[in-house]
Ligand SMILES: NC(=O)c1ccc[n+]([C@@H]2O[C@H](COP(=O)([O-])OP(=O)(O)OC[C@H]3O[C@@H](n4cnc5c(N)ncnc54)[C@H](OP(=O)(O)O)[C@@H]3O)[C@@H](O)[C@H]2O)c1
């Protein structure tokens, strides 16, 4: 399959328009990518979805049945899809069935050459499966891609910066407030707070993803970074920019390992889309991940490839939202 595909479509994308399917383009991260992609005149986007959505953000959608590899392959070929970006969620069988079948269909499709699996996060390690069982299917997807003839890359952006300022900047992400509650001048810092963490604004991540469509080669990992900061430095920055002293609490590792974090007033925003229990468990797990720089400190290798993309920094974000001159 690889040789046939290479002959039909030489692997030079530098000045070639490609048609891109965003699977799960109706979701939080997917919609962000679709919005940036639709504004790029060089490529054509289509959203793969399980339900009738009409035109999403002016981009056509195609209803797909993820349980049927043959029908997926047929749609990929009929639509002449060159690249699949999977932004499927982690719920239900999205990764265990839908994404694996989509990879198999893309590998079988004569038009499809590239696949980005649903990731857009940190450098996952197999031992994280204990806290996030869906990662088992993420690693199965990576194995499936390794044994395919597709070019593939895993987009990694660390922690979405949007979560530091929920409701304060444009974002399609459902709020998952972080350990800092700037509105209420309080923080509950996990661990010693001195570990570097990568934060990337969702629209910057989408810009790197879309820019990568033009890259002639796709490395197995595409690591991007909006900014790098520690929890302690973020608290200091928030104090400096808001001109207020914060109450700083500490969540020790044992507490996080019990699946608990100190509740902050801003956490109520998350309870609108998930239970408090689920939020506590998720926050504790992700706070534990921020203790390991190998997991959460994502170096900006993709940034170096696309120097024209200037990312939002945490300082700029806080200034926009909380400096004395910011419009509230
Ligand atoms: N780094 C971070 O801080 C961070 C934060 C959030 C998300 N992420 C990552 O970004 C990726 C996307 O997450 P998200 O929150 O944007 O996803 P999402 O909004 O929960 O779901 C995206 C789409 O997946 C489709 N979907 C859901 N369940 C499905 C199923 N069982 N079978 C097939 N399709 C299904 C739905 O599309 P249709 O209904 O239209 O088919 C949905 O709109 C994930 O890999 C996630 O881990 C990272």
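Brief remarks on what is shown
- Folded to 0 to 90 degrees: helix 69-78 orientation relative to the chain principal axis, Cα: 80 degrees
- Within region 2-152, percent of DSSP bridges classed antiparallel, to nearest 5: 5 percent
- Computed from the C-beta positions of residue 50 and residue 131, the FRET efficiency with R₀ = 45 Å rounds to 0.95.
- Within a Gaussian network of the chain (alpha carbon springs, distance under 10 Å), most fluctuating of 108, 284, 215: 215
- From the alpha carbon centroid of region 24-42 to that of region 270-326 is 20 Å.
- Gyration tensor verdict on the chain (Cα atoms; rounded if a/c is under 1.5, prolate if a/b is larger than b/c, oblate otherwise): prolate
- Here the extension length gained between residue 255 and residue 143 equals 36.9 nm, from 0.36 nm per residue of separation less the Cα-Cα distance.
- Structure remark: mean-square fluctuation, Gaussian network model of the chain, C-alpha springs under 10 Å; the largest value among 224, 161, 128 belongs to 128.
- With contacts taken as Cα pairs under 8 Å at a separation of at least 6 residues, the chain carries a relative contact order of 17 percent.
- With Cα atoms, 0 to 90° folded angle of helix 28-38 axis to the chain main axis: 60 degrees
- Using the Cβ-Cβ distance between residue 316 and residue 57 with R0 = 22 Å, the FRET efficiency computed as 1/(1 + (r/R0)^6) comes to roughly 0.30.
- A helix-only calculation puts the chain at -9500 deg cm²/dmol for mean residue ellipticity at 222 nm, using -39500 (n - 2.57) for each DSSP H run of at least four residues, averaged over all residues.
- Gaussian network model of the chain, Cα within-10 Å springs - most flexible of 273, 43, 82: 273
- Per-residue packing, averaged as other Cβ atoms within 10 Å, sorts the ranges 145-154, 96-105, 203-212 into the order 203-212, 96-105, 145-154, beginning with the highest.
- Remark: relative contact order (region 2-152) = 21 percent; criterion is Cα-Cα distance under 8 angstrom and separation of 6 or more residues.
- With the cut-off at under 18 Å, measuring from each backbone N in region 173-194 to a point 7 Å along the Cα-to-Cβ line of residue 294 picks out no residue.
- Rounded, prolate or oblate (a/c below 1.5 giving rounded, otherwise prolate when a/b exceeds b/c) for region 222-328 by Cα gyration tensor: oblate
- On the basis of the beta-carbon distance and an R0 of 30 Å, residue 221 and residue 17 show a calculated FRET efficiency of 0.70.
- Across region 182-282, the relative contact order, built from alpha-carbon pairs under 8 Å that are at least six residues apart, equals 42 percent.
The numbers here are math on the coordinates, done by the rules we state, and not lab data. Every value quoted in this text rests on a predicted model; they were computed, and no experiment measured them. Neighbour counts are summed over all protein chains in view; Cβ atoms, including those assigned to glycine, are modelled from backbone coordinates with ideal geometry.
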